[in-house]
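**Student:** Just dropping this structure here.
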Amino acid sequence: MKTDTTKRLEQLLAAKFNTRNDFYVFECTIGWYGSEIVDCIMYNCQREIYCYEIKQSVNDFHSKNKLTFIGNKNYFVMPYSLYEKVEKELYAKEEYKDIGIYVAIDHLEEKEKETENAFGIKNKYLWVEPVDGLNELYCIKTAKKRELKADKEVILSSMLRSMQRDKFR
């Protein structure tokens, strides 16, 4: 059973895709008798495969469920509040170095700070900070492109099978 947060993260992710050029499906089992399920997988007209693992809580992030990052580009999708809790892990683990991160936010808030050095010179710093919410997705870290970790034909046939399943839901 999906939580409301998971459902909203799926909606936000689906809204990011271009419906004319991006073909995607949620909960795609890889292979005919596969045990790996990708939360969302997308194939685009540049012939790239993107995998998205949706995490909605710390327990979900640390669950024993396998992370299926088999695509050319792979992303975590999570609320900003969860990102703040697991940020150190995301950047410390070698297995996550090529993985991108989308966070759900309400909006970006502009921040400003003015400092003065010992010589009386003032410096003004401007930046934006995400505000937690479930209004839009914001890319904190871009995924690095890599080789597929599974056969492309198997991935695409798995996507087609899952799309057919959704057609009759």
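The values are calculated or read from the model by the stated rules, or taken from the named source; none is laboratory data. Values in this document were obtained by computation on a predicted structure and should not be read as measured data. Neighbour counts are summed over all protein chains in view; Cβ atoms, including those assigned to glycine, are modelled from backbone coordinates with ideal geometry. For accessibility, only protein heavy atoms count, side chains too; no ligands or nucleic acids. Shrake-Rupley method; radii C 1.70, N 1.55, O 1.52, S 1.80 Å.
Conditions tested, residue by residue: (1) acidic (Asp, Glu); (2) at negative phi; (3) touching a strand residue (DSSP E or B) at 6+ places or on another chain (Cβ under 6 Å).
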{"residue": "2", "(1), (2), (3)": "no, yes, no"}
{"residue": "23", "(1), (2), (3)": "no, yes, yes"}
{"residue": "52", "(1), (2), (3)": "no, yes, yes"}
{"residue": "57", "(1), (2), (3)": "no, yes, no"}
{"residue": "76", "(1), (2), (3)": "no, yes, yes"}
{"residue": "96", "(1), (2), (3)": "no, yes, no"}
{"residue": "103", "(1), (2), (3)": "no, yes, yes"}
{"residue": "112", "(1), (2), (3)": "yes, yes, yes"}
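**Student:** A follow-up question, please. Residues being in contact (Cβ under 8 Å) with a residue 40 or more places away in the chain and open to solvent by 70 Å² or more (accessible area, probe 1.4 Å): count how many of those fall in the range 98-134.
**Tutor:** Let us first name the residues in the range 98-134 that are in contact (Cβ under 8 Å) with a residue 40 or more places away in the chain, namely 98-102, 104, 130-134.
Among the residues that remain, those that are also open to solvent by 70 Å² or more (accessible area, probe 1.4 Å) are: 132.
So the answer is 1.
**Student:** Taking the conditions exactly as written (among the aromatic types (Phe, Trp, Tyr) and either surrounded by 12 or more Cβ atoms within 10 Å (Cβ to Cβ) or on the phi > 0 side of the Ramachandran plot (or both)), does residue 83 satisfy them or not? Break it down into steps so the answer makes sense when it comes.
**Tutor:** On the way: among the aromatic types (Phe, Trp, Tyr): yes; either surrounded by 12 or more Cβ atoms within 10 Å (Cβ to Cβ) or on the phi > 0 side of the Ramachandran plot (or both): yes.
Criteria met by residue 83.
**Student:** Could you tell me whether the range 36-44 includes any residue that is of a type in the set (D, E, K, R), over 24 Å from residue 17 (Cα atoms) and without any contact (Cβ under 8 Å) to a residue 60 or more places away in the chain?
**Tutor:** Pass one, the range 36-44, residues of a type in the set (D, E, K, R): 36, 39.
If we keep only those that are over 24 Å from residue 17 (Cα atoms) as well, we get none.
No: the range 36-44 contains no residue that is of a type in the set (D, E, K, R), over 24 Å from residue 17 (Cα atoms) and without any contact (Cβ under 8 Å) to a residue 60 or more places away in the chain.
**Student:** While we're here: If you check 131, 154, which single one turns out to be modelled with pLDDT under 95 and over 22 Å from residue 40 (Cβ atoms)? Give the derivation first.
**Tutor:** Working: 154 fails: over 22 Å from residue 40 (Cβ atoms).
Exactly one of 131, 154 is modelled with pLDDT under 95 and over 22 Å from residue 40 (Cβ atoms), namely 131.
**Student:** May I ask you to verify whether residue 4 is surrounded by 11 or more Cβ atoms within 10 Å (Cβ to Cβ) and either free of Cβ contacts under 8 Å to residues at least 60 places away in the same chain or within 16 Å of residue 135 (Cβ to Cβ) (or both)? I'd like the intermediate steps shown before the answer.
**Tutor:** On the way: surrounded by 11 or more Cβ atoms within 10 Å (Cβ to Cβ): no; either free of Cβ contacts under 8 Å to residues at least 60 places away in the same chain or within 16 Å of residue 135 (Cβ to Cβ) (or both): yes.
No; evaluated as a whole, the condition is false for this residue.
**Student:** Count, please, the residues in the range 91-140 that happen to be in a strand (DSSP E or B) and within 30 Å of residue 9 (Cβ to Cβ).
**Tutor:** Of the range 91-140, the ones in a strand (DSSP E or B) are 100-116, 122-140.
Okay, now just the ones that are also within 30 Å of residue 9 (Cβ to Cβ), so 100-111, 126-140.
Count: 27.
**Student:** Only one of (1) open to solvent by 40 Å² or more (accessible area, probe 1.4 Å); (2) assigned to a helix (DSSP H, G or I); (3) of a type outside the set (Lys, Arg) fails for residue 158. Which number is that?
**Tutor:** (1)
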